[in-house]
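Please read the structure below before turning to the comments.
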Amino acid sequence: MKNLFLIAFAMLIIPCISEAQSTYKKAKSEVKKTASTTQFGIKGGLNFYNLHNSNDAKYDTRTGYHLGLLAHMHINNQWAIQPELVYSSQGAKFKNSGVETKLRLGYINLPIMVQYMFDNGFRIEGGPQIGFRTGAKEVTGETSIDIKSQTTAADFGLGLGVGYLTPSGFGIDARYNWGLTNINKHNTMSSMNRGLQLGLFYQFGQAGIKTNAHNSKYTK
């Protein structure tokens with residue numbers, strides 16, 4: 001009788017242990033897989049740029065736009081690296097004797113953001129950026145002058161921002177970029193790009209990932 005009981009008990013407990021081990025391995029595998037997932041996305045929005053000048057010349061903010069691609073690469077459940085490829089319309093504007101002149105600067109920017117992701121969808125980010133000038137014009141009324149020869153071909157800077165990602169994959173972000181390069185080649189004063197970016201983005205595949213706010217684990 002005792003042997004029959006032990007056999008019956010073993011027949012019940014062994015499948016349970018096996019199922020528990022299988023569940024643990026599956027969960028571990030999914031968490032590891034998600035933590036190393038790379039999600040691609042698109043982004044775009046408005047720019048509010050100006051030029052910081054060493055001679056304290058005051059320019060007004062120029063409104064532009066940015067549009068590009070991103071790759072969101074998880075290091076683990078809360079850290080990620082996000083390189084981007086973004087076209088950015090920048091510059092500034094000023095008035096001389098009541099006549100407005102716009103400095104239209106175009107860049108292909110390559111920021112690499114290090115992001116910390118909170119359990120509630122918010123994230124903070126910071127990192128370097130290099131921009132390659134695609135165009136530079138000084139526009140006054142109907143007159144447009146090419147000033148590429150007066151500006152540097154590359155611009156190095158730093159970015160710092162915040163964002164929020166929804167479970168559907170859509171998100172919103174704000175980032176301030178500090179240009180560290182003097183882009184003015186042929187003048188006694190130095191000029192550096194400074195600007196705020198407000199935008200929307202979408203991460204493909206995010207809809208299949210859920211966040212457990214209690215233990216910060218990602219599962220699919």
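The values are calculated or read from the model by the stated rules, or taken from the named source; none is laboratory data. Fair warning: this is a prediction, and the values are worked out from it, not measured in the lab. In this analysis, Cβ positions are derived from the backbone assuming ideal geometry, glycine residues included, and neighbour counts consider all displayed protein chains.
Here are the numbers for this structure:
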item	result
Top-ranked residue in the stretch 74-106 [being charged (D, E, K, R) and in contact (Cβ under 8 Å) with a residue 40 or more places away in the chain; ranked as surrounded by the fewest Cβ atoms within 10 Å (Cβ to Cβ)]	Glu100
Residue within the stretch 112-129 that is out of contact with any Pro (no Cβ under 6 Å at 6 or more places or on another chain), closer than 23 Å to Thr38 by Cβ, of a type in the set (Val, Ile, Thr) and not in a strand (DSSP E or B) present	no
Any hit, the stretch 58-75, residues being over 30 Å from Asp173 (Cα atoms) and at pLDDT 85 or above	no
Any chance Ala57 is surrounded by 14 or more Cβ atoms within 10 Å (Cβ to Cβ) and either over 17 Å from the mean Cα position of the chain (by Cα) or part of a strand (DSSP E or B) (or both)	no
Subset of the stretch 166-190 [in contact with a His (Cβ under 9 Å, 6 or more places away or on another chain) and either at pLDDT 95 or above or of a type in the set (Val, Ile, Thr) (or both)]	Trp178, Gly179
Flag if Ile124 is closer than 19 Å to Arg194 by Cβ, of a type in the set (A, V, I, L, M, F, W, C), modelled with pLDDT of 95 or more and surrounded by 14 or more Cβ atoms within 10 Å (Cβ to Cβ)	no
Any hit, the stretch 175-196, residues being in contact with a helix residue (DSSP H, G or I) (Cβ under 6 Å, 6 or more places away or on another chain) and assigned by TED's automatic domain parsing to the domain that holds Leu70	yes
Pairs where the first residue, in the stretch 52-72, is assigned by TED's automatic domain parsing to the domain that holds Ser89 and polar (S, T, N, Q) and the second is at pLDDT 90 or above and surrounded by 17 or more Cβ atoms within 10 Å (Cβ to Cβ), C-beta under 6 Å, 6+ apart	Asn53/Ser191; Thr61/Asn50
The one condition in (1) buried (at least 17 other Cβ atoms within 10 Å of the Cβ); (2) more than 12 Å from the chain's Cα centre (by Cα); (3) modelled with pLDDT of 95 or more that Met113 fails to fulfil	(2)
Complete set of residues in the stretch 130-151 that are surrounded by fewer than 15 Cβ atoms within 10 Å (Cβ to Cβ) and assigned to a strand (DSSP E or B)	Phe132, Thr134, Gly135, Thr140, Thr143, Ser144, Ile145, Asp146
All positions within the stretch 156-180 that are on the phi < 0 side of the Ramachandran plot and crowded, with 17+ Cβ neighbours inside 10 Å	Gly157, Gly159, Gly161, Gly163, Leu165, Gly171, Asp173, Arg175, Asn177, Gly179
Verdict on Asp146 being at pLDDT 95 or above, over 28 Å from Lys43 (Cβ atoms) and assigned by TED's automatic domain parsing to the domain that holds Arg123	yes
Some residue of the stretch 40-52 being loosely packed, with under 12 Cβ neighbours inside 10 Å and modelled with pLDDT under 95	no
